[in-house]
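Contents: one structure, followed by commentary.
The values are calculated or read from the model by the stated rules, or taken from the named source; none is laboratory data. Just so you know, these numbers come straight off a predicted model, no measurement behind them. Please note: Cβ atoms are built from the backbone with ideal geometry, for glycine as well, and neighbour counts cover all protein chains shown.
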Amino acid sequence: MERYSFSARVLHWLMAASFLFMWVCGYAMTTLVADDSALEEMLFFLHISTGVTLLFLFCLRVVARVTSSVPAPLEALTGWEKTLSHLGHLALYALPFAIIFIGWAESDFGGHGVTFFGLSMPKLFPTMETLWGFNLETTTANIHKWLAYTMLAVVVAHIAAVVKHRVEGHDVLHRMSFK
Ligand code: HEM
Ligand code: HEM
């Protein structure tokens with residue numbers, strides 16, 4: 001059976017593990033830990049540095065995707081299943097990019113800036129409090145949050161699709177695994 005390229009498989013699992021960390025860390029730092037505590041500061045530091053790492057991995061993944069061949073969709077899929085699978089995979093490229101971009105904007109608007117394990121990253125947006133009556137930091141924080149949880153829902157559907165195919169006797173996991 002055909003598989004995704006080795007680089008696509010490595011990047012898929014490395015990024016999936018990093019996203020899992022980002023959801024847990026993002027939720028913990030905004031909701032569970034005390035405001036202005038050392039733990040909150042450390043979680044923000046790790047969240048933003050891992051976000052920058054994910055942007056780098058995302059760029060590598062897009063290059064790997066366009067330069068290597070991809071296995072054809074499962075023969076057994078119906079037309080609408082193929083379309084849904086294609087749209088789902090597309091969303092799993094678009095959402096991470098949008099989430100990182102908006103997270104970056106939020107950090108720049110608020111004047112905190114983006115750092116990668118202590119190294120300052122380029123400032124892509126000005127430090128700015130309001131535009132057309134909107135508080136930019138709060139608005140981008142809300143968009144970041146809703147996009148992050150929307151992506152989580154798409155990933156749950158993605159996993160459900162893998163399980164559904166398995167139950168129907170098609171081992172799609174093999175296409176993305178190493179054994
Ligand atoms: C460079 C990339 C990123 C930056 C700069 C960034 C920045 C931030 C910041 C500043 C917050 C705090 C928002 C607030 O004050 O309410 C936050 C929250 C959060 N981020 Fe990120 N983020 C990035 C990437 C990601 C990614 C890739 C994910 C997951 C897919 C993610 C998931 C979350 C979640 C779940 C929260 C908590 C939302 C809530 O429940 O309030 N972030 N992020
Ligand atoms: C944050 C988590 C995840 C993200 C963002 C993600 C994203 C993606 C994307 C974008 C593709 C399409 C690859 C391409 O065409 O270039 C894909 C394929 C795949 N993923 Fe995930 N994935 C995640 C988690 C998982 C998990 C937990 C499983 C295991 C159940 C899984 C199993 C698969 C499989 C089997 C394929 C190949 C589907 C096919 O046959 O075409 N993924 N994933």
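Brief remarks follow.
- Residue pairs meeting the criteria (Cβ under 8 Å; at least 6 apart or on separate chains; first at positive phi, in the range 107-125; second assigned to a loop (DSSP other than H, G, I, E, B)): Gly111/Thr127; Gly113/Met121; Gly113/Lys123
- Tally, over the range 133-170, of residues that are away from ligand 1 (no atom under 15 Å from the Cβ), not acidic (Asp, Glu) and not in a helix (DSSP H, G or I): 4
- As for the range 80-87, it holds at least one residue that is in a helix (DSSP H, G or I) and within 18 Å of Ala148 (Cα to Cα).
- Criterion applied to Arg166, Arg175 was being of a type in the set (Lys, Arg) and touching a residue at least 60 places away in the same chain (Cβ under 8 Å), and the one residue passing it is Arg175.
- Subset of the range 68-97 that is modelled with pLDDT of 95 or more and of a type in the set (Ser, Thr, Tyr) - its residue that is nearest to ligand 1 (Cβ to nearest atom): Tyr93
- Here Glu75 passes the criteria (1) in a helix (DSSP H, G or I); (2) more than 9 Å from ligand 2 (Cβ to nearest atom) except the one numbered (1).
- Filter pass, Ala141 being more than 30 Å from Thr83 (Cα to Cα) and aliphatic (A, V, I, L, M): yes
- Screening the candidates Pro122, Pro96 for the property of being over 23 Å from Val154 (Cβ atoms) and of a type outside the set (Phe, Trp, Tyr) yields one hit, Pro122.
For (1) hydroxyl-bearing (Ser, Thr, Tyr); (2) outside any helix (DSSP H, G or I); (3) surrounded by 14 or more Cβ atoms within 10 Å (Cβ to Cβ); (4) under 17 Å from the mean Cα position of the chain (by Cα), each residue gets a yes or a no:
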{"site": "Leu14", "(1), (2), (3), (4)": "no, no, yes, yes"}
{"site": "Cys25", "(1), (2), (3), (4)": "no, no, yes, yes"}
{"site": "Leu43", "(1), (2), (3), (4)": "no, no, yes, no"}
{"site": "Ile48", "(1), (2), (3), (4)": "no, no, yes, yes"}
{"site": "Leu60", "(1), (2), (3), (4)": "no, no, yes, yes"}
{"site": "Tyr93", "(1), (2), (3), (4)": "yes, no, no, yes"}
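- Residues located in the range 102-120, provided they are within 8 Å of ligand 1 (Cβ to nearest atom) and surrounded by fewer than 19 Cβ atoms within 10 Å (Cβ to Cβ): Gly110, His112
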